[in-house]
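Worksheet: the structure to be examined is printed underneath.
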Amino acid sequence: MKLIVQMTVLGVGLLTSVIALAAEQTVHLAVENMTCASCPYIVKQSLTAIPGVVNVAVSFEKKSATVTFDDAKTTADALMGATTKAGYPATLATTDTTATQ
């Protein structure tokens, strides 16, 4: 019985330590092919559909998107893949392009 309790405590400790390692990250994406007013909406919808995405701001003027996400649930590559699949190829922005809605 004592061994079961110890193993349970150890298991819970390991699970919470993995959760503690997960963090929110923010990336700035340069988004191609945004040519009309509805494009930012489509880009935003493609990004918010990804599990783990917390916030998305898309700027038509700057052709960019700023995405905050849980790095335990998704990656920047998955975000870029989602926009590309929607017809808007994206890359990590080389400069800080603060997007607005």
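The values are calculated or read from the model by the stated rules, or taken from the named source; none is laboratory data. As the structure is a prediction and not an experimental result, all values here were calculated from the model. We place every Cβ from the backbone using ideal geometry, glycine too, and count neighbours over all the protein chains shown.
If you filter the range 34-61 down to residues that are among the hydrophobic types (A, V, I, L, M, F, W, C) and part of a strand (DSSP E or B), you find that the one that is surrounded by the most Cβ atoms within 10 Å (Cβ to Cβ) is VAL58. Restricting the search to the range 62-101, which residues are in a loop (DSSP other than H, G, I, E, B), in contact with a Ser or Thr (Cβ under 8 Å, 6 or more places away or on another chain) and modelled with pLDDT of 95 or more? Hits for the range 62-101 are LYS62, ALA86, TYR88, PRO89.
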